[in-house]
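Some notes on the structure that comes next.
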Amino acid sequence: MVPSGTITITETVSKNANWDEGPEVMIKRNLMFGNLEYAAEVALKCGRVAEAFCIAQAGGEELFSEIQKRYFASQKDPFIK
């Protein structure tokens with residue numbers, strides 16, 4: 001039961017479930033070749049934020065900080081900024 005006065009917001013981002021086409025294939029291929037920087041960048045640009053941060057974490061502190069900086073710079077919501 002949702003308390004009265006509570007606002008529930010749901011947002012869906014269309015994501016390709018097939019990792020053999022679209023931007024997902026670029027993420028997959030770059031992961032396979034060890035190019036974590038580009039894989040994280042593509043993931044972030046196509047709305048796969050969780051994937052972008054997971055990939056960036058595997059790439060080390062510098063890559064994680066860069067992806068984090070790009071993510072916050074792209075946000076329009078003042079709460080997140």
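The values are calculated or read from the model by the stated rules, or taken from the named source; none is laboratory data. Fair warning: this is a prediction, and the values are worked out from it, not measured in the lab. Cβ coordinates were reconstructed from backbone atoms using ideal geometry, including for glycine residues, and neighbour counts include every protein chain displayed.
What the table shows:
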quantity: Enumeration of residues in segment 63-75 that are more than 17 Å from N30 (Cβ to Cβ) and either among the β-branched types (V, I, T) or assigned to a helix (DSSP H, G or I) (or both); calculated: S65, Q68, K69, Y71, F72, A73, S74
quantity: Failed condition for E21, given (1) at pLDDT below 95; (2) among the acidic types (D, E); (3) surrounded by 14 or more Cβ atoms within 10 Å (Cβ to Cβ); calculated: (3)
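Yes or no, residue by residue, for (1) within 19 Å of M26 (Cβ to Cβ); (2) more than 10 Å from the chain's Cα centre (by Cα); (3) surrounded by 14 or more Cβ atoms within 10 Å (Cβ to Cβ); (4) modelled with pLDDT under 95:
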{"residue": "C46", "(1), (2), (3), (4)": "yes, no, yes, yes"}
{"residue": "F53", "(1), (2), (3), (4)": "yes, no, yes, no"}
{"residue": "D77", "(1), (2), (3), (4)": "no, yes, no, yes"}
{"residue": "K81", "(1), (2), (3), (4)": "no, yes, no, yes"}
